[in-house]
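Below: the structure, in structure tokens.
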Amino acid sequence: MNARPGGTKRAVAAAAIGVVLVFSAISACSASAHSGIWVEPTSAREASDFWTVARMRAAKPLELGRPEPQVRSGGRRGGHGKSRRIAARAGTFGSDFEQVADPAAPEFRVNGAIFISFGIFGYARCSGTAVHSRNASVVVTAGHCINSGGKGGRWFAGNGVFVPAYRYGQRPFGVFPARWIDTTKQWRANGSENFDVGAMVVGRNEAGEKLVDAVGGAKIAWNLKAHQTFDIHGYPAEEPFDGETQRICRGTPFLGHDVNSFAFPGPLNLAVACGLTGGASGGGWTVEGGTLNSVTDYGYFDERSPAFGPYFGNEVRRLFGRAARVR
């Protein structure tokens, strides 16, 4: 089923932030358009001290609370008017995004919140998933949670951390500071929603543990059939949610593709019914067996709009391979 008309495009995803923002804590060493970038080293203890409960609670979904967000070049056009990313609105369409009672339970602890600092401009957040990999340190999220997309896109890495099983400021497995970040090449080339996937390689937590050793990791798969039934995970932070609890839409079937997805090269995106909002961007979509097979990307400013996520194809496979090889 195609996206429903009747609303301006809104993103559950993050905004393409304009040049007014300060992007701190990014190291240029070993950076290239093909291999992601290394992030300025930060110890888990330093990251934990920086990310106080107050700062984590102050973090806003990337599309919210930013000074004059700008539309990135290459934005889509269609029956919904000018393409722009704005705050998501919770709706009645689809499954309830219900609270996870115990986010530290084995099946849920791989999901977490990503926090990023923009210095004097405040703090931002997304969602992500720990994934099994050879380096035991990979988090998969949305590309727009890491880079604003398109040619000249900006990297988001200031004091970036992944906090698995986050709940009301609690960090039962500690914080894992970002060391390296990357997105699909197509996301950085043209900002195509069909390739809106990112990866983060994180350092050890305060106890000296690698991510997967501490919380486990989801399996990941690509080139599966689109017709799947998904569990949608994430930390929505826009009303009626507050970002303090992990949420899940259980057993949401594939509905079809966004009509705008046909305007760009690459595999068509996926639509499901889930009443998620800003902050859930990058949250994992898992299929049978807890296998990661998409992430939350965007929706429309329409309470009956589905949520959309990119199809995991060969480009995601290549991104994951680059991340897994980081030492």
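The values are calculated or read from the model by the stated rules, or taken from the named source; none is laboratory data. Computed from a prediction, not measured in an experiment: that's the story for all the values here. We place every Cβ from the backbone using ideal geometry, glycine too, and count neighbours over all the protein chains shown. Heads up: the accessible areas ignore ligands, DNA and RNA and are worked out on the full protein's heavy atoms, side chains in. Shrake-Rupley method; radii C 1.70, N 1.55, O 1.52, S 1.80 Å.
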Report, by residue number, each residue of region 138-161 that is open to solvent by 10 Å² or more (accessible area, probe 1.4 Å) and not in a loop (DSSP other than H, G, I, E, B). Trp155
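Of Leu276, Leu292, Leu270, which residue is open to solvent by less than 20 Å² (accessible area, probe 1.4 Å), at pLDDT below 90, under 17 Å from Ala142 (Cα atoms) and not β-branched (Val, Ile, Thr)?
Details: Leu292 fails: at pLDDT below 90; Leu270 fails: at pLDDT below 90.
After applying the criteria, what remains is Leu276.
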Just the residues that are over 19 Å from the mean Cα position of the chain (by Cα) and within 17 Å of Lys219 (Cα to Cα), please, taken from region 108-135. Arg134, Asn135
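One line per residue, one yes/no per condition, for (1) closer than 17 Å to Asp96 by Cα; (2) over 16 Å from the mean Cα position of the chain (by Cα); (3) buried (at least 17 other Cβ atoms within 10 Å of the Cβ); (4) of a type in the set (Lys, Arg):
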site: Ala218; (1), (2), (3), (4): no, no, yes, no
site: Ala307; (1), (2), (3), (4): yes, no, yes, no
site: Asn314; (1), (2), (3), (4): no, yes, no, no
site: Gly321; (1), (2), (3), (4): no, yes, no, no
What are the pairs, 6+ residues apart or on separate chains, where a residue within region 141-154 that is over 20 Å from Ile220 (Cα atoms) has its Cβ under 6 Å from a residue that is open to solvent by 10 Å² or more (accessible area, probe 1.4 Å) and part of a strand (DSSP E or B)? Asn147/Trp155
Just to verify a result, which residue in region 220-244, among those that are at pLDDT 95 or above and of a type in the set (A, V, I, L, M), is most open to solvent (accessible area, probe 1.4 Å)? Leu224
From the list Ala105, Ala90, pick out the single residue that is more than 13 Å from Val163 (Cβ to Cβ), at pLDDT below 95 and not in a strand (DSSP E or B). Ala90
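Could you tell me which residue of region 187-213 is farthest from Phe262 (Cα to Cα), considering only residues that are polar (S, T, N, Q) and modelled with pLDDT of 95 or more?
First pass over region 187-213, keeping only residues polar (S, T, N, Q): 190, 192, 194, 205.
Add one more test, that the residue is modelled with pLDDT of 95 or more, and what stays is 194, 205.
Values: Asn194: 9, Asn205: 42 Å.
Top of the filtered list is Asn205.
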Every pair of residues 6+ apart whose Cβ atoms lie under 8 Å, when the first sits in region 261-286 and is in a helix (DSSP H, G or I) while the second is surrounded by 24 or more Cβ atoms within 10 Å (Cβ to Cβ): Ser261/Glu193; Ser261/Asn194; Ser261/Asn269; Ser261/Phe308
Selected residue (criterion: surrounded by the most Cβ atoms within 10 Å (Cβ to Cβ)) from residues of region 16-65 that are among the hydroxyl-bearing types (Ser, Thr, Tyr), in a loop (DSSP other than H, G, I, E, B) and modelled with pLDDT of 50 or more: Thr42
